[in-house]
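Visitor: This is the structure I have questions about; it appears just below.
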Amino acid sequence: MALRTLVTRKTLRTLPLGFRGLQTFSLPDLPYDYGALEPAISGDIMQIHHQKHHQAYITNYNKALEQLDGAIAKGDASTVVKLQSAIKFNGGGHVNHSIFWKNLAPIREGGGEPPKGSLGWAIDNHFGSIDALIQKMNAEGAALQGSGWVDPLVTKGPSLVPLLGIDVWEHAYYLQYKNVRPDYLKNIWKVINWKYASEVFEKECP
Amino acid sequence: MAERLSLPELPYDYGALEPAISGEIMLLHHQKHHKTYVTNFNNALQQLEDAVSKSDASAIVQLQSALKFNGGGHINHSIFWKNLAPVSQGGGEPPKGSLGNEIEKEFGSLEALVHKMNSEGAALQGSGWVWLALDKEFKRLLVETTFNQDPLVTKGSSLVPLLGIDVWEHAYYLQYKNAKADYLANIWKVMNWNYASEVYEKECP
């Protein structure tokens, strides 16, 4: 369900492969300019992150899906299984980054403004304060070994809906912050789009 | 008290591997990333000693992740600095002697080995390392990958690292950005095959 909403309608194409139409995915536009999140996140990073990293996930995801389609059509179970790693990694990369671009907003469009309404209330209830939530997310983000994401509701269960995710892969910050991941984590909150998180929350918990 | 780790010195200047790997990367990689693994390992070791003296089994278990990650980071990077050498000190010169022969036998050619390591390095999902390993039990060479800072032995206790290539983004990003494949193509120009041969000949005299 979540995957379908990420496919932009105007670029939806179907390929006549196998017995199902195959949808290909395409790079969603950023809702702001590459430099619009400065100084929290540099325009350089935003451009490479979007045009190179996210695009590569989409390209590889489409390729894997095409191969999957072929393998299913041939009844090649072994290949179907072997493709799962590429599908999970690249599909996940597409899913995660599509959310991430919406999780960020320039300051003049509300980036950094704390959540009001029911989400703000729920955060205070569950974590004590928004500062406590930020501290927790930053601690977990700093401690993450290797490459990954920090979500307040981690996608580790089918009923979990991501509200905010912070990319802590080194490519997300290294050109600007080098090895100092904690500085990146501290600064990203200045452009976090709490409005989006609130919208998602209110839709699930009306 | 167990001995504390310390940051080994690089056997060359930070800029000596240019243009294959920039001096800026070498400096940060050594003085920040490797140093942090050393610091955090020593901290975890201190906490482990405290936990052991208190017989706090829960704390002992909880510390294993930090010990593995940071200890592995130290082990891996210590090997890595020796895996690299300036061109003026033999960096990039193909292996001769018994290792060169064994590579030809197992992989067909040095190019084939390089191609295989580069493919596996490029395909690695996330952070990790790609290794040229010697299985000292079977006296065979193989290419292996490990995730995060897992040392090669986590893939087999008889595996000895001859060469390791760091494919964490911090190892190349400032210079190569997202083009990991270019980093992998270029790092062979400063690969220290002398070191790999020494290790190999010691295990397979």
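Visitor: Somewhere in segment B:20-32, is a residue of a type in the set (Asp, Glu), open to solvent by less than 60 Å² (accessible area, probe 1.4 Å) and at negative phi?
Guide: No - not one qualifying residue is present in segment B:20-32.
Visitor: Any residue in segment A:162-183 that's at the interface with chain B (Cβ under 10 Å from one of its Cβ atoms) and within 24 Å of residue A:92 (Cβ to Cβ): show its pairings with residues that are open to solvent by 30 Å² or more (accessible area, probe 1.4 Å) and of a type in the set (Asp, Glu) at Cβ separation under 6 Å, as long as the two are six or more apart or on different chains.
Guide: That search, which allows pairs on different chains as well, returns A:175/A:44.
Visitor: Working carefully through the options A:102, A:88, find the one that is under 15 Å from the mean Cα position of the chain (by Cα), of a type in the set (Lys, Arg), at pLDDT 95 or above and within 23 Å of residue A:172 (Cβ to Cβ).
Guide: A:102
Visitor: Within segment B:118-141, restricting attention to residues that are closer than 17 Å to residue B:193 by Cβ and in contact with a Phe, Trp or Tyr (Cβ under 9 Å, 6 or more places away or on another chain), which residue is nearest to the other protein chains (Cβ to nearest Cβ)? Working first, answer last.
Guide: Of all residues in segment B:118-141, those closer than 17 Å to residue B:193 by Cβ come to B:118, B:130-134, B:141.
Then keep just the ones that are in contact with a Phe, Trp or Tyr (Cβ under 9 Å, 6 or more places away or on another chain); that gives B:118, B:134, B:141.
Numbers: B:118: 17, B:134: 26, B:141: 25 Å.
By that ranking, first place goes to B:118.
Visitor: Evaluate the following for residue B:73: is it among the small types (Gly, Ala, Ser), touching a His at 6+ places or on another chain (Cβ under 8 Å) and at pLDDT 95 or above?
Guide: yes
Visitor: Still on this model: Name the residue that is nearest to residue B:64 (Cα to Cα), counting only residues in segment B:148-181 that are more than 8 Å from chain A (Cβ to nearest Cβ), over 16 Å from the mean Cα position of the chain (by Cα) and open to solvent by 40 Å² or more (accessible area, probe 1.4 Å).
Guide: My answer is B:157.
Visitor: Among the numbered criteria (1) buried (at least 18 other Cβ atoms within 10 Å of the Cβ); (2) more than 13 Å from every other protein chain (Cβ to nearest Cβ); (3) more than 24 Å from residue B:20 (Cβ to Cβ), which single criterion is violated by residue B:191?
Guide: (3)
Visitor: Moving to a separate point now. What are the residue pairs meeting all of these: first residue in segment B:125-143, first residue open to solvent by 60 Å² or more (accessible area, probe 1.4 Å), second residue in a loop (DSSP other than H, G, I, E, B) and not basic (Lys, Arg), Cβ atoms under 7 Å, and 6 or more apart or on different chains?
Guide: B:136/B:158; B:137/B:158; B:139/B:204
Visitor: Next question, about the same structure. Just name the residue that is modelled with the lowest pLDDT out of those in segment A:148-168 that are of a type in the set (A, V, I, L, M) and open to solvent by 40 Å² or more (accessible area, probe 1.4 Å).
Guide: The extreme case among them is A:154.
Visitor: Then there's this: Can you give me the number of residues within segment A:119-133 that are part of a helix (DSSP H, G or I) and either open to solvent by 50 Å² or more (accessible area, probe 1.4 Å) or aromatic (Phe, Trp, Tyr) (or both)?
Guide: The total comes to 6.
Every residue, every condition in (1) open to solvent by 20 Å² or more (accessible area, probe 1.4 Å); (2) of a type outside the set (Lys, Arg); (3) part of a helix (DSSP H, G or I), yes or no:
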{"site": "A:135", "(1), (2), (3)": "yes, yes, yes"}
{"site": "A:138", "(1), (2), (3)": "yes, yes, yes"}
{"site": "A:141", "(1), (2), (3)": "no, yes, yes"}
{"site": "A:146", "(1), (2), (3)": "no, yes, no"}
{"site": "A:184", "(1), (2), (3)": "no, yes, yes"}
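The values are calculated or read from the model by the stated rules, or taken from the named source; none is laboratory data. Just so you know, these numbers come straight off a predicted model, no measurement behind them. Counting neighbours? That spans all protein chains shown, and the Cβs are built from the backbone with ideal geometry, glycine included. All accessible areas refer to the heavy atoms of the entire protein, side chains included, with ligands and DNA or RNA removed. Shrake-Rupley method; radii C 1.70, N 1.55, O 1.52, S 1.80 Å.
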